[in-house]
Each structure stands twice: as structure tokens, then as C-alpha cells.
Amino acid sequence: MSSYVHSSRGIRALTAATAAAVLALVVGSAQPAAAAATCVSPITSCGCTIKSKGLYEVGSDLDAAQGLTGKGDCIDIAAPNVTLDGEDFDLDGDNTGKVGVRILSGAGNAVVADFFEIFDWNTGIEDDANNAQIVTINDDIDLNGTGVFLNGVNKTLVNDFDADDNTGAGVVVTGGSGNNVVDFDTDGNGADGVLMKNSPKSTIKDFDSKDNNGNGVNVLNSSGIVVDDYTAEDNGADGVFIKSTSAAKVADGDANDNGGSGIELAKGTKSKVTSNDALGNDVDGIVLDLGSTKNSVNNNDANNGNGSFDLEDLNPNCDHNIWNDNNFLTRNPASCVD
């Protein structure tokens with residue numbers, strides 16, 4: 001015979017306890033979520049969102065340990081026509097925060113200026129809106145995953161900054177068009193100094209991109225791109241690499257002592273490589289890969305110690321590429337490279 005004794009009192013007690021727990025859960029879930037903190041000028045703590053247009057000033061160094069926005073950032077800009085003045089203060093991500101300053105989609109015409117250093121974030125500054133200006137970062141956007149990330153935006157200007165020693169690329173521009181990244185240094189990064197893809201009619205100008213593990217400049221599928229007035233030296237791969245891009249211009253730069261070639265064009269057409277130095281590279285000085293046609297390479301100096309050829313065209317009979325007035329010792333093929 002079973003020793004089990006049915007107890008209605010136990011069942012009633014269990015039912016009451018369960019009902020109380022369910023009620024507590026329902027009541028708790030019905031409570032409104034805590035509202036995201038709204039930034040008030042001066043901003044003295046991470047973890048707030050700018051929700052109205054106007055001027056906002058930072059009043060002290062900011063640290064991820066103070067709190068983060070719902071997106072995991074220090075400061076999010078959610079309204080158009082905002083100016084965020086860093087007032088020479090730091091943004092420290094403590095290697096836990098996602099983005100130091102993020103301009104959200106829809107927050108057009110934002111200005112982010114005058115921070116001293118933005119470091120230890122997954123991304124230092126991210127722009128998801130159009131027509132932003134990210135200017136005069138007085139010292140560095142260093143030691144992040146990515147320094148500056150322009151995410152599918154148009155006509156954003158980023159200038160006067162350093163993006164060094166990040167574990168990924170110093171500057172990433174993906175999507176959009178007509179963006180300008182000028183007057184900057186991007187050195188010692190774990191990937192490319194500058195990576196630009198699918199962003200036509202954009203400009204990268206007046207910069208140093210040195211000692212990066214990848215390319216100094218890596219441009220993919222961005223027709224009408226201008227790379228001008230630059231130094232791209234001592235990088236692990238090419239100084240300037242441009243692929244699947246038409247009507248590009250690479251001019252007035254130094255692409256020396258790189259682990260790959262100084263300047264490499266791959267599968268592009270109607271581009272111009274003019275008045276550059278491409279010296280002492282481990283592979284070629286300047287090379288046009290197979291599938292590159294109707295390009296012009298002129299007035300460049302590649303006459304010093306490139307590992308393979310100073311000038312090389314891998315297309316049969318140069319395939320309508322025009323090489324002239326270049327300075328070199330070695331070339332391939334001699335029939336059409338000059």
C-alpha cells in the first residue's frame with residue numbers, strides 16, 4: 001500500500017504561492033522601463049542621449065564605468081542640428097563600451113568637435129546620419145577597435161584628427177557617397193589605415209597612413225574616388241590599393257617601403273595615377289592588375305629598389321592602359337610601359 005497521503009491543505013498552499021509569484025511577475029513586467037537618460041549641457045557622465053537640437057558641451061572626462069546608453073555607447077546623438085563640443089576632455093571606453101560618440105540615423109547636420117582623446121571603445125566615433133562634421137579632434141582616436149566609422153552616410157566631413165594604434169582599421173567608410181576624410185594621420189593600426197568601400201565620389205586627402213598591418217589605403221567599388229596629397233609608407237600590404245573602381249585619381253603622394261606594392265589598381269578603368277613616388281616596395285612600385293583597362297599612369301617616380309618591377313602591367317599589350325613620362329629602372333612589359 002502506498003504511504004502517500006493526499007493533502008488538500010498542501011495543494012492550497014502551493015497554489016497560493018504560485019499565484020503570488022505569477023502576480024508579482026505580471027505586476028513587475030507591467031512597470032514602464034526606465035527612460036534613457038537625456039543629455040543636459042554640460043555633460044559630465046557617459047550614458048545619455050541628445051534628443052533636442054542645440055549646443056552641448058562636455059564638462060569633464062567621461063568614462064564608460066559611469067553608465068552607457070541603451071546602445072552601449074557613451075553619448076548618442078538622436079536629433080538633427082546638434083553641436084557636441086568635447087571641450088578638450090577624454091572619452092574612455094574601459095574596453096567595455098561600444099561607441100564613444102554615435103550619430104544616429106536621422107540626426108543629420110551634427111557636429112562633433114574638440115575632444116582630446118577617445119580611446120578603448122569598440123568604435124571611437126560612428127556616424128549613421130548624413131551631412132555630419134567630425135572636426136578638430138585635438139589629439140587621438142586611438143586604441144579602439146575602429147577609430148572612425150562612417151556607416152552608409154552622404155557628404156560627411158571628417159578632418160583634423162589622428163586614428164592610430166586601433167586593433168582594426170583607423171578609418172572605415174562604407175556605403176553612401178560624397179564623403180571627405182582630410183587632414184589626418186592613421187598609423188600603426190591592426191588592419192588598413194583607411195578602408196573605403198561602396199562610397200563613390202568621395203575624397204581622402206592630405207594624410208599620413210603608415211605602419212599599418214594592412215594597406216595604407218584600401219578602396220573597393222568606389223568610383224570617382226580621389227586619393228591626393230598623402231604619405232602611405234611602411235604598411236604590411238600595399239601603400240594604396242584600389243579595386244573594382246572606375247575614374248579614380250591617385251596623385252601627389254608617397255607610396256614607399258610597403259610590404260606589397262606602392263600603388264596597385266585591380267579591375268578598374270579610366271583611373272589616373274599621377275605624380276606619385278613609389279620607391280623601395282617589396283613587390284612592384286606601380287602595378288595594374290589583370291582586368292584593369294583604359295587607365296593612365298604618368299609622371300611618377302618608381303626608380304629606386306622595388307622588389308619585382310618598378311612599373312608593371314599584367315594585361316596583354318597593356319590593354320589600352322597608357323604609361324608615359326615615368327621614371328623607372330625596370331618595367332614589364334617593355335613594349336607598352338614607359
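The values are calculated or read from the model by the stated rules, or taken from the named source; none is laboratory data. All of these numbers come straight from a predicted model, not from anything done at the bench. With ideal geometry, Cβ positions are generated from the backbone for all residues, glycine too; neighbour counts draw on all protein chains shown. Heads up: the accessible areas ignore ligands, DNA and RNA and are worked out on the full protein's heavy atoms, side chains in. Shrake-Rupley method; radii C 1.70, N 1.55, O 1.52, S 1.80 Å.
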Check your understanding: Where does each of 276-284, 53-61 land if you order them by average Cβ count within 10 Å, highest first?
Key -> 276-284, 53-61
Exercise for review: With a Förster radius of 45 Å, plug the Cβ-Cβ distance of K51 and A247 into 1/(1 + (r/R0)^6) and report the FRET value to the nearest 0.05.
Suggested key: 0.60
Practice item. Can you figure out the FRET efficiency of K294 with N198, using R₀ = 22 Å and their beta-carbon distance, to the nearest 0.05? Key: 0.50
Point to revise | Cα-only Debye scattering, segment 250-338: base-10 log of I(q)/I(0) at q = 0.14, 0.21, 0.25 Å⁻¹ | key: -0.37, -0.87, -1.27
Revision key, fill the gap. Helix 8-30 sits off the longest principal axis of the Cα atoms of the chain, rounded to the nearest 10 on a 0 to 90 degree scale, by 40
Review point. What is the Cα coordinate range of segment 190-252 on the first, second and third principal axes, sorted by size from largest, in whole angstrom?
Key: 27, 20, 12
Point to revise | Positive minus negative residues near N179 (Lys, Arg vs Asp, Glu; Cβ under 11 Å) | key: +1
Revision key, fill the gap. Per residue convex hull volume, Cα only, segment 103-227, in Å³ is 73
Review point. What is the gain in length, in nm to one decimal, between S308 and I322 on full extension, counting 0.36 nm per residue of separation less the C-alpha to C-alpha distance?
Key: 3.0 nm
Revision key, fill the gap. Taking Cα atoms only, Rg over Rh for segment 111-154 with Rh from the Kirkwood formula is 0.96
Point to revise | Ratio Rg/Rh, restricted to segment 186-292 and using Cα atoms, in which Rh is the Kirkwood radius | key: 0.92
Review point. What is segment 231-273 by shape, rounded, prolate or oblate, if you read a ≥ b ≥ c off the alpha carbon gyration tensor as root eigenvalues and call it rounded for a/c under 1.5, prolate for a/b larger than b/c, and oblate otherwise?
Key: oblate
Check your understanding: What percent do you get for the relative contact order of segment 145-201 when only Cα pairs under 8 Å and 6+ apart count?
Key -> 38
Point to revise | Mean separation of Cα contacts under 8 Å, 6 or more apart, over the residue count of the chain: relative contact order % | key: 7
Check your understanding: Tally Lys/Arg at +1 and Asp/Glu at -1 over every other residue whose Cβ is under 11 Å from the Cβ of E312; what's the total?
Key -> -4
Study note, to complete from the structure: Note: A36 to S60 extended length (0.36 nm per residue) minus current alpha-carbon separation gives 6.6 nm
**Study point:** Cα-only Debye scattering, segment 68-134: base-10 log of I(q)/I(0) at q = 0.19, 0.29 Å⁻¹
**Key:** -0.65, -1.29
Check your understanding: When you count, for each residue, the other Cβ atoms within 10 Å and take the mean per peptide, how do 250-256, 235-241 rank with the highest first?
Key -> 235-241, 250-256
Check your understanding: Taking a quarter of the surface of the Cα convex hull of segment 166-206, what do you get in nm²?
Key -> 2.7
Practice item. Work the Kirkwood hydrodynamic radius out for the chain: mean of 1/r over every pair of different alpha-carbon atoms, inverted, in Å. Key: 22.0
Revision key, fill the gap. Descending accessible area (1.4 Å probe), largest on the left, turns V40, V219 into V40, V219
